[in-house]
Amino acid sequence: MCFFQMGLCLLAAFTLGACHSEKGGHAAVMVLTHPLKQDTTIAREYACQINSCKNIKVLAPERGYLKLGNLKEGQHVNEGDVMFKIVPGSLRAALNRAEAVEQVAKAVFENTKRRRQNQRATDQEVSEAKEQWDEKQALVKVAQSDEGMNLIKAPFSGLLGRLPLPEGSLVDQGAVLTTLSDNSEMRVVFNVSEAESREYAAQAQKGENKQVTLVLANGKIFDQPGRLNVTEGKMDEKSGLTPMHADFANPTGLLRNGESGILRVWKMIKKAVLVPQNATFEERDHHYVYVVGKDQVMKQREIKISAELENLFVVSEGVGVDDTIVFAGLGQAKDGAKAEGAEFEAPEKAFAHLKLKGE
């Protein structure tokens, strides 16, 4: 009998323990509160493309043979540095002829030296053969000089892209030799709706500077703040979107041309009415809360959401700070029923563990 009673006690204790919420160790009763009103910062997020402030294709100005020198992909070049040399076909032919003549002169000289060792040639003949070879070597050096070649110099300092063509390639006029990017400042391009474009333009006219943040593809936030450029682009008729851009300084060169990310445009909402997301429920794409009247009767009420934070909704219509809503224990709530035994928590306490900014 004693064991039976002990078992009943343990069962009762377990049942009561299961009915306790993690919040403060109180029983899982329904909790009521008011919506909270305060200034709140939210962020709109846009998929974006990261581009260099200067990015060009380097093209061959004429048909000829390509000389790379010691260039490497991704190398930094300074403004005015010679990147490529294009050797016209006529110069290449002249060089080939000069090299062929030089090889003949070299062979004559070496043969004359051997003959001199066998006493079949004089010192004078060796000296003359050497002079002929030196002369032909000089002609080769002239043919190899930059004179007559088309030198392609860097128009600005930046990073080289891929080098698709090897040394000695015959390239046509207009062939792409590489790309050159100035990554000191990056332009982040994104698309907004027509309404958002007009909103940003109007705020800029009022002198309100938007804070923008760049989230990289790996989820990390870029450590430099951005500047929103509100110059309106041409709206795409098919999508109805308007291109805009933000500029970011890139002092360490972390950002590269062609990368993608997420751009966050921050906005301050004055006296925003906030409701916890877990205090709402959704039916047929509409959001609702339970509002508790003075008679303690719960009524289902639709709310309009203007912005969404991590665990809060910014409400534009439906409830205000004077309304009492079901904050916790939503599963026990029922339209038309009384909120008997419900506890009330002040908004400051109820919202204390919730993020009040879209960070």
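Among the residues of the range 116-130, the one identified as acidic (D, E) and loosely packed, with under 12 Cβ neighbours inside 10 Å is D123. Close Cβ contacts (under 9 Å, 6 or more residues apart or on different chains) running from residues in the range 32-58 that are free of Cβ contacts under 8 Å to residues at least 60 places away in the same chain to residues that are part of a strand (DSSP E or B) and surrounded by fewer than 19 Cβ atoms within 10 Å (Cβ to Cβ) are absent.
Which of the residues belonging to the range 310-339 are touching a helix residue (DSSP H, G or I) at 6+ places or on another chain (Cβ under 7 Å) and farther than 22 Å from A43 by Cβ?
Narrowing the range 310-339 to residues touching a helix residue (DSSP H, G or I) at 6+ places or on another chain (Cβ under 7 Å): 311-313, 325-327, 330.
Scanning the range 310-339 gives I325, V326, F327, L330.
The set of residues in the range 57-81 that are open to solvent by 60 Å² or more (accessible area, probe 1.4 Å), part of a strand (DSSP E or B) and within 20 Å of Q173 (Cα to Cα) comprises K57, L59, Y65, K67.
Taking first residues from the range 261-283 that are under 16 Å from L312 (Cβ atoms) and assigned to a loop (DSSP other than H, G, I, E, B) and partners that are at pLDDT 90 or above and open to solvent by 10 Å² or more (accessible area, probe 1.4 Å), the Cβ contacts under 6 Å between residues at least 6 apart in sequence or on separate chains come to T280/H287. The single residue among A346, A352, A333, A328 that is among the small types (G, A, S) and touching a Phe, Trp or Tyr at 6+ places or on another chain (Cβ under 7 Å) turns out to be A333.
Being at positive phi and among the charged types (D, E, K, R) is true for just one of D295, D223, D285, D247. Which residue is that? Show your work before the answer.
Working: D295 fails: at positive phi; D223 fails: at positive phi; D247 fails: at positive phi.
The unique qualifying residue is D285.
Selection of strands (runs of 3 or more DSSP E) fully inside the range 150-209 by the criterion of at least 1 residues being open to solvent by less than 40 Å² (accessible area, probe 1.4 Å) and either among the hydroxyl-bearing types (S, T, Y) or farther than 26 Å from L95 by Cβ (or both) returns 158-160, 176-193. For K206, the conditions (1) within 28 Å of the chain's Cα centre (by Cα); (2) closer than 30 Å to R44 by Cα are fulfilled apart from (1). Can we say G253 is more than 22 Å from G318 (Cβ to Cβ) and at pLDDT 95 or above? No; evaluated as a whole, the condition is false for this residue.
Report yes if some residue within the range 305-318 is modelled with pLDDT of 90 or more and touching a Phe, Trp or Tyr at 6+ places or on another chain (Cβ under 7 Å); otherwise report no. Yes: one or more hits.
The set of residues from the range 302-356 being open to solvent by 50 Å² or more (accessible area, probe 1.4 Å) and more than 30 Å from W266 (Cβ to Cβ) comprises G331, Q332, K334, D335, K338, E340, G341, E343, F344. Residues in the range 293-327 that are assigned to a strand (DSSP E or B), among the charged types (D, E, K, R) and more than 19 Å from A337 (Cβ to Cβ): K304, E308, E317.
The values are calculated or read from the model by the stated rules, or taken from the named source; none is laboratory data. It should be emphasised that the depicted structure is a prediction, and the values quoted were computed from it without experimental measurement. With ideal geometry, Cβ positions are generated from the backbone for all residues, glycine too; neighbour counts draw on all protein chains shown. Ligands, DNA and RNA are excluded from the accessible area calculation, which covers all protein heavy atoms including side chains. Shrake-Rupley method; radii C 1.70, N 1.55, O 1.52, S 1.80 Å.
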